[in-house]
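Okay, structure first, notes after.
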Amino acid sequence: NPETEVVVQPEEIIPEPVEPIPEPVSKEDQEYSRSVTDLGIEVSKETFNEDTSEILETIEKLSGIMKHKDYAAWLNYLTPESKTFWSNQQNLAIVSQRLPIKNYRLKNLQDYFEKVFIPSRIGRVVDEIRYVSTTKVKAVQYTEEQDIIYYYFEKIDGRWYLHLDTTT
């Protein structure tokens, strides 16, 4: 009988949520993330790319300077603070005690360049940077286990300078 016909409504079908397939993360994005993650400030990808390029170019120049033991050229890359610290006889005496060369005393900044700086860096591979702040960067060799830090740079008046360790 058409008057008593019951119309059954279909059950409402709720689709199950579909997890989006994550986009593959490029090597460049991974490096950018490693470089700025712990910073707590914003560094744009554009700035990151510019800084990385400038710093790696500077390291390339430093490699040539080390190869030729060109102390005068090396001085042009140092922060003023680094020059002052490493020209102080008291600081050189303290650091000399920690050298692997027994009974050797650093006499001046050139001595540090030749006996400490060059041997610990020549032939090393630096492939990434890590921001410490927007004006301070560590240049590292990236490994899965731990970054190996070879250089510290500080940006002064728009240029990246080599910042030597100034702790005794």
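Residue count for segment 35-48, restricted to those that are surrounded by fewer than 13 Cβ atoms within 10 Å (Cβ to Cβ) and not in a loop (DSSP other than H, G, I, E, B): 2. Applying the criterion of being of a type outside the set (Lys, Arg) and free of Cβ contacts under 8 Å to residues at least 24 places away in the same chain to the residues of segment 49-67, the residue that is nearest to PHE117 (Cα to Cα) is ILE65. Is it the case, given these coordinates, that THR84 is out of contact with any His (no Cβ under 8 Å at 6 or more places or on another chain), among the hydroxyl-bearing types (Ser, Thr, Tyr), in a helix (DSSP H, G or I) and open to solvent by 70 Å² or more (accessible area, probe 1.4 Å)? Criteria met by THR84.
What number of residues within segment 52-67 satisfy the criterion of being modelled with pLDDT of 95 or more and either crowded, with 17+ Cβ neighbours inside 10 Å or touching a Pro at 6+ places or on another chain (Cβ under 7 Å) (or both)? Number satisfying all stated conditions: 7.
For segment 62-89, the set of residues classified as more than 13 Å from ASP165 (Cβ to Cβ) and acidic (Asp, Glu) consists of ASP70 only.
Condition test on LYS102, is it of a type outside the set (Phe, Trp, Tyr) and either farther than 15 Å from THR167 by Cα or in contact with a Gly (Cβ under 8 Å, 6 or more places away or on another chain) (or both)? Full working, then the answer.
Numbers: of a type outside the set (Phe, Trp, Tyr): yes; either farther than 15 Å from THR167 by Cα or in contact with a Gly (Cβ under 8 Å, 6 or more places away or on another chain) (or both): yes.
Here the answer is yes, as LYS102 does meet what is asked.
Has segment 68-77 got at least one residue that is touching a Phe, Trp or Tyr at 6+ places or on another chain (Cβ under 9 Å), of a type outside the set (Ser, Thr, Tyr), open to solvent by 40 Å² or more (accessible area, probe 1.4 Å) and on the phi > 0 side of the Ramachandran plot? Scanning segment 68-77, I find at least one residue that is touching a Phe, Trp or Tyr at 6+ places or on another chain (Cβ under 9 Å), of a type outside the set (Ser, Thr, Tyr), open to solvent by 40 Å² or more (accessible area, probe 1.4 Å) and on the phi > 0 side of the Ramachandran plot, so the answer is yes. On the stretch given as segment 75-120, residues that are without any contact (Cβ under 8 Å) to a residue 40 or more places away in the chain and among the hydrophobic types (A, V, I, L, M, F, W, C) total 8. GLN90 fulfils the conditions (1) part of a loop (DSSP other than H, G, I, E, B); (2) open to solvent by 70 Å² or more (accessible area, probe 1.4 Å); (3) at pLDDT 90 or above except for a single criterion, (1).
May I ask you to list the residues in segment 148-158 that are open to solvent by 40 Å² or more (accessible area, probe 1.4 Å) and either touching a residue at least 60 places away in the same chain (Cβ under 8 Å) or farther than 17 Å from ARG121 by Cα (or both)?
First pass over segment 148-158, keeping only residues open to solvent by 40 Å² or more (accessible area, probe 1.4 Å): 148-149, 152, 155-158.
If the condition is that a residue be open to solvent by 40 Å² or more (accessible area, probe 1.4 Å) and either touching a residue at least 60 places away in the same chain (Cβ under 8 Å) or farther than 17 Å from ARG121 by Cα (or both), then LYS155, ILE156, ASP157, GLY158 are the ones that fit.
The values are calculated or read from the model by the stated rules, or taken from the named source; none is laboratory data. On a predicted model such as this, the values are computed, not experimentally measured, just so you know. Cβ coordinates were reconstructed from backbone atoms using ideal geometry, including for glycine residues, and neighbour counts include every protein chain displayed. Note: accessible area is taken over every heavy atom of the protein model, side chains too, but ligands, DNA and RNA are not part of it. Shrake-Rupley method; radii C 1.70, N 1.55, O 1.52, S 1.80 Å.
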